[in-house]
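The values are calculated or read from the model by the stated rules, or taken from the named source; none is laboratory data. Source: prediction; values computed, not measured. Cβ sites come from the backbone with ideal geometry, for glycine too, and all protein chains shown count toward neighbours.
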Amino acid sequence: MAYAAFRSIGAYVPQKILSNDDLSKMVDTTDEWITKRTGIKERHIADENETTSDLGMKAASLAIERSGIDASAIDMVVCATISPDYFCMPSTATIISKKLGLGPVTAFDISAACTGFVYILAIAKAFIESGMKKNVLIIGAEKLSAITDYTDRGTCILFGDGAGAAVISATEKKEEAIIDVHTGADGTYADLLMTPNGGTGSPHDALEGETGACFMQMKGNETFKVAVRTLTKDVKEILAANNLTGDDIKHFIPHQANYRIIKAVGDALKMREEQVVLTVAKYGNTSGASIPMAMNDVYEQGNLKKGALMLLDAFGGGLTWGSALVPFSPLK
Ligand code: UT7
């Protein structure tokens, strides 16, 4: 049987920084409020002419280079994004494939908001274990600044731009295999976090005269409570299902939405400070890109070693959630 191994990680962070002080000149907020309620100090913002596929392509290029696998061997590309280059088609994954000069590949996007990276990990694992694909490039890429309403202080303080990517490939060695991925969704909570306009679910006149047709809207406090409840339950379940405890985890890499959510879930798992990967202060919430961007930080600091067990967890619009138990299994 083929197993799926997590071979490499790469990320791209745009240069321009939007600080809390910058935001306090745009909306009625303060650095103190944002820091206390979210842990965020700054976020990176892509240039006007930089697209989501540009960000994703740079992250992917690094992930392929670090994987030791030739680009010509990549046979599938999946991109998780809620800020695609184009509404509906073509997919951002196909554009990234073209920009990377990949040959004929299966390429598509998925929409699972901030849980996107865990969903595409599950997809890569399933395609590889079924024998349908051998080397899958997965990318979480977001230009959230393009769908953020910078007059809404409840959301604009949270989001940033960036991308992260990984190569997942077939292996016969069980010790290299991704152990488990859990994914879930509950549409009952769909209205907590959404881009209400621009699709068939919104009346046509909702778009007339609107500049921000696709802006995100969030009921933050309700989302916060469901996030803590759902994530705590989900990570406990995935650990128990695999006879593991928090002590077995080297790096706990949660979706970076809010420091207080990460702390609550980390505490429920009795995680020690050094196990918890935190990048929310410098990148904010980059949705589907946040987990691979955080993982890339650990890698670039020289702390992601072969065999290190990672626990990923994420929560986002849909509502969706997911968790994964992943040993880092580089080829080189
Ligand atoms: O990534 C996908 C999932 N997303 C999340 O998980 C995000 C979850 N939600 C959150 O992170 C938090 O709910 C927020 C950071 C968005 C908000 O923090 P909160 O502690 O839940 O605040 P709140 O919404 O309950 O608002 C408290 C007060 C309100 O004022 P009043 O009604 O008490 O007078 C808000 O109007 O804070 C006010 N407020 C602000 N004040 C200064 C809301 N946003 C701001 C702001 N600056 N930016």
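Per the listing GLY322, GLY307, the residue uniquely outside any helix (DSSP H, G or I) and over 23 Å from THR81 (Cα atoms) is GLY307. Restricted to the range 295-319, and to residues there that are within 13 Å of the ligand (Cβ to nearest atom) and either small (Gly, Ala, Ser) or at positive phi (or both), the residue that is nearest to the chain's Cα centre (by Cα) is ALA314. Look at (1) part of a loop (DSSP other than H, G, I, E, B); (2) touching a Leu at 6+ places or on another chain (Cβ under 8 Å); (3) not acidic (Asp, Glu) and you find that ASN243 fails only one, number (2).
Screening SER130, SER169 for residues that are among the polar types (S, T, N, Q) and surrounded by fewer than 18 Cβ atoms within 10 Å (Cβ to Cβ) leaves exactly one candidate, SER130. Among the residues of the range 226-250, the ones that are of a type outside the set (A, V, I, L, M, F, W, C) and closer than 16 Å to ALA190 by Cβ come to 1 in all.
Residue-wise test of (1) modelled with pLDDT of 95 or more; (2) outside any helix (DSSP H, G or I).
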| site | (1), (2) |
| --- | --- |
| SER169 | yes, yes |
| VAL181 | yes, yes |
| SER202 | no, yes |
| ASP205 | no, no |
| GLU210 | no, yes |
| CYS214 | no, yes |
| LYS225 | no, no |
| LEU231 | no, no |
| VAL235 | yes, no |
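In the range 190-203 there is at least one residue matching the filter, namely being among the hydroxyl-bearing types (Ser, Thr, Tyr), more than 17 Å from the chain's Cα centre (by Cα) and within 16 Å of the ligand (Cβ to nearest atom). Residues in the range 132-147 include at least one that is of a type outside the set (Asp, Glu), within 16 Å of the ligand (Cβ to nearest atom) and under 21 Å from ALA5 (Cβ atoms).
Figure legend. Inter-residue proximity from the range 290-304: first residues in a loop (DSSP other than H, G, I, E, B), second residues not hydroxyl-bearing (Ser, Thr, Tyr), beta-carbon distance below 6 Å, spacing 6+ or different chains. Indicated pairs: LEU304/VAL298; LEU304/PHE328. Out of everything in the range 228-285 that is on the phi > 0 side of the Ramachandran plot and touching a Gly at 6+ places or on another chain (Cβ under 6 Å), what residue ends up being farthest from the ligand (Cβ to nearest atom)? Looking at residues that are on the phi > 0 side of the Ramachandran plot and touching a Gly at 6+ places or on another chain (Cβ under 6 Å), I get LYS270. Within the range 272-285, residues that are touching a residue at least 60 places away in the same chain (Cβ under 8 Å) and assigned to a loop (DSSP other than H, G, I, E, B) have Cβ atoms under 9 Å from residues that are of a type in the set (Ser, Thr, Tyr) and surrounded by 21 or more Cβ atoms within 10 Å (Cβ to Cβ) in these pairs: GLY284/THR38; GLY284/SER290, counting only partners at least 6 apart in sequence or on another chain.
Listed here are the strands (runs of 3 or more DSSP E) enclosed by the range 1-117 that have at least 1 residues being over 23 Å from LEU304 (Cα atoms), hydroxyl-bearing (Ser, Thr, Tyr) and more than 16 Å from the ligand (Cβ to nearest atom): 106-110. Scoring GLY68 on the criteria (1) farther than 20 Å from THR279 by Cα; (2) buried (at least 23 other Cβ atoms within 10 Å of the Cβ); (3) small (Gly, Ala, Ser) leaves a single failure, condition (2).
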